[in-house]
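The structure appears right after this line, and notes come after that.
The values are calculated or read from the model by the stated rules, or taken from the named source; none is laboratory data. Quick caveat, the model's predicted, so the values are computed rather than measured. Glycine gets a Cβ as well: all are built from the backbone with ideal geometry, and neighbour counts include every protein chain shown. Accessible surface areas use protein heavy atoms only, side chains included; no ligands, DNA or RNA. Shrake-Rupley method; radii C 1.70, N 1.55, O 1.52, S 1.80 Å.
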Amino acid sequence: QVQLVESGGGLVQAGGSLRLSCAASGRTFSSYAMGWFRQAPGKEREFVQAISGSGDTTYYADSVKGRFTISRDNAKNTVFLQMNSLKPEDTAVYHCAADRSLRQFMSAPAYWGQGTQVTVSS
């Protein structure tokens, strides 16, 4: 079992930045692909970014490429999402997720956090 706890959400003006963190339980954090999904009101959940266990492979949604950066600190069991140049359309609940397989992560991660709200005002 892996437990995930997100933090760092909030209200920011368009063009601003936020950094989300996701702390994971467990001793084998580096064995898990990690990443983020988001869900806006009335919309389906959307993939944002993923990173492999070692951190050497990352995937980005086209909508955030060049603005968001995912990273991880395996010594601290934490994954980060640095969000720059935020737009009102980035407003959503952001969920951290994990899976032992990066391929599986991209379709249906096994573990999910509760989510943190990000609101971008225009």
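For the chain, what does the accessible surface come to per residue with a 1.4 Å probe? Please give it in Å².
Value returned for the chain: 52 Å² of accessible area per residue.
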Exercise for the section: Go ahead and estimate [θ] at 222 nm for the chain from helices alone: -39,500 (n - 2.57) per DSSP H run with n ≥ 4, summed, over the residue count, rounded to 500. Expected result: -1000 deg cm²/dmol
Completion exercise
From highest to lowest solvent-accessible area (probe 1.4 Å; ligands, DNA and RNA excluded), Phe80, Phe105 read Phe80, Phe105
Fill in the blank from the handout: Per residue, the convex hull enclosing the alpha carbons of the stretch 63-122 has a volume in Å³ of 109
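What is the extension gain from Ser30 to Ser107, computed as 0.36 nm multiplied by their sequence separation minus the C-alpha to C-alpha distance, in nm to one decimal?
25.7 nm
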Problem - For the chain, alpha-carbon Rg and Dmax in angstrom - result: 13.3, 42
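Sort Glu6, Glu89 from largest to smallest accessible area, using a 1.4 Å probe on the heavy atoms of the protein chains.
Per-residue accessible area, sorted high to low, gives Glu89, Glu6.
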Handout entry: Furthest towards positive pole of dipole, Met83, Ser30, Leu102, structure part the chain, Cβ charges
Key = Ser30
Problem - Point-charge dipole on Cβ atoms (K/R +1, D/E -1) for the chain, about Cα centre, debye to 20 - result: 140
Completion exercise
In the stretch 1-90 the accessible area split gives carbon plus sulfur, as whole percent at 1.4 Å, a share of 45
Problem - Neighbour-limited loop hits for trypsin sites (Lys or Arg not before Pro), the stretch 1-89 (at most 14 other Cβ within 10 Å; DSSP other than H, G, I, E, B) - result: Arg27, Lys43, Arg45, Lys65, Lys76
Exercise for the section: Could you rank Ser21, Ser31 by how accessible they are, 1.4 Å probe, largest area first? Expected result: Ser31, Ser21
Completion exercise
For the stretch 14-75, one quarter of the surface area of the C-alpha convex hull, expressed in nm², comes to 5.3
